[in-house]
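Taken together, the values in this text are just the output of simple stated rules run on the coordinates, not laboratory data. For clarity, every value in this text was computed on a predicted model and none was experimentally measured. Cβ placement follows ideal geometry from the backbone for every residue including glycine, while neighbour counts extend to all protein chains displayed.
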Amino acid sequence: MKINSKISGFYLKKPGERLDLVAEMCSLSKEERGSLADTGGLPLENADSMIENVIGSFVLPMGIATYFRIDDEDFLIPMAVEEPSVVAAASNAARIARHGGGFITEHDSLLMIGQLQVVGLANPEKALLELKTRKAEIINAANERDPVLIRLGGGVKDIEIRRLETLSGPMVVLHLLVNCLDAMGANAVNTMAEGVASLVEEISGGVVLLRIISNLADRRLFRARAVFKKEILGPELIENIILAYHFAEADPYRAATHNKGVMNGISAVVRATGNDTRAIEAGAHSYAAVSGRYKPITSYRKNEDGDLIGEIELPLAVGLVGGATRSHPQARACIKILGVTTAAGLAKIIAAVGLAQNFAAMRALADEGIQRGHMRLHARNVAASAGASGDSIGAVSRIMIESSEINEEKARQILLELKT
């Protein structure tokens, strides 16, 4: 099948017209076209206002993680994710954590960083000095760009200036440190950075090239901690989890998968609340490597009673203001389920979920292995892929689990036997 992707005026068409054109060009069946046209809980007009060239929407399962107790308060956690065992694992970890009091969280500031790259400097050191001397002027100019944020108590609180050695020679980088309050902050920070670019050029004598937010939000760190009781885990399993953590701490190959387990939970909640999963993932992984070596963003140790202490620290630039958090009706519903009213409140929950998700993975790895439990939950997916539907999904998956053979060929064989 050959297509011509040079489609003049595609963006001017209505979503249904675009879908008709794509369906015709790509020979989509009636069923395939219908699956794309079914927008689920997101009205088509909303989708069309969110991104470009809309033809439909992509729906993911939405689950609720239970048992979470965070800062002495109970929460139901919406999670939008396609991977089996994520919601169940988070819930089970939260159930175990309740015996130690649940999750305790804390955070520093809500500052985001806006970067201005100054190039073409004849004298970088002089530029540094001049920019530092006129620091207050730069802050005032940036804050003039967002009077609403300033009125609410946010805005630029400080600036940082540093010389950076690069492959193109020395540059000066100026950071705007912006309190974004209950917004993620990208639009506000970028607007402020753009707004002071000409002033920075005038002061430094250079040229401002890039002016954009940094997703390494290391001034917006959130931490969560939980005690997992030795009476539940047992001393041997606790020792094995600590050994597994030490493996991740020493080896970036293991740390990458370790942190992926953290993000299984974090990205699911970020997605469900209409926040930016790519920004959160970029921030988490860059923070994991900020020391110069990629490390796990959780840690485990024993306390004096022999219980397991799990901790997490990572940047979480999430918001409740603007973007899909307001325009997506399901995201609004998920935020209502969580009952949060501030960005910090949401980020604390997300940090706790990340720790729970990682603990669940560490517990499985250090005990029976990750695949056994995962494949039990994956069996329903396999059954559906093999053609099972309705009650037969449960029957096929149950027989596969009992036989310890979980694959599509086995599922089709069981389906055939059930029909005869």
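Remarks
- Taking packing as the residue-averaged number of other Cβ atoms within 10 angstrom, the listed peptides 77-84, 126-133 run from highest to lowest as 77-84, 126-133.
- Once the chain from L243 to R98 is taken as fully extended at 0.36 nm per residue, the excess over their C-alpha distance is 49.8 nm.
- Taking label points 7 Å from Cα along the Cα-to-Cβ direction, S109 and S291 give a separation of 2.4 nm.
- Using θ = phi - 60° and Karplus 6.51 cos²θ - 1.76 cosθ + 1.60, couplings along segment 22-34 (whole Hz; Gly, Pro as x): 5, 4, 5, 5, 9, 6, 6, 6, 4, 5, 5, 5, x
- Cα gyration tensor, segment 1-59 - rounded (a/c under 1.5), prolate or oblate: oblate
- The calculated FRET efficiency for the pair A37 and D71, based on their C-beta separation and a Förster distance of 56 Å, comes to about 0.85.
- Short to long, the 10 Å bins of the Cα pair-distance histogram for segment 115-238 hold 12, 38, 24, 9, 7, 8, 1 percent of all pairs.
- Ordering K14, K295 by the number of other Cβ atoms within 10 Å of each residue's own Cβ, fewest first, gives K14, K295.
- Distance between the modelled labels on K6 and V59, one decimal in nanometres: 3.8 nm (7 Å Cα→Cβ projection).
- Candidates per GluC sites (Glu not before Pro) in segment 279-355, loop by DSSP, up to 12 other Cβ within 10 Å: E304
- Extension gain, L21 back to I212 (0.36 nm per residue minus Cα-Cα distance, nm): 65.1 nm
- Max mean-square fluctuation residue, GNM over the chain, Cα-Cα springs under 10 Å, options L167, L111, L316: L167
- Inter-label distance, I309 to E202: 5.3 nm, where each label sits 7 Å from its Cα along the C-beta direction.
- G322 long-range amide H proximity, modeled H, under 5 Å: none
- With R₀ fixed at 60 Å, the C-beta to C-beta distance from I232 to E417 puts the FRET efficiency at about 0.90.
- Highest-fluctuation residue, R33, R363, R220 considered, GNM on the chain with Cα pairs under 10 Å: R33
- Selected from I266, I232, I350 as most flexible by GNM, with the chain as the system and alpha-carbon contacts under 10 Å: I232
- The trypsin sites (Lys or Arg not before Pro) of segment 240-293 that meet both conditions, a loop assignment by DSSP and at most 13 other Cβ atoms within 10 Å of the site Cβ, are R293.
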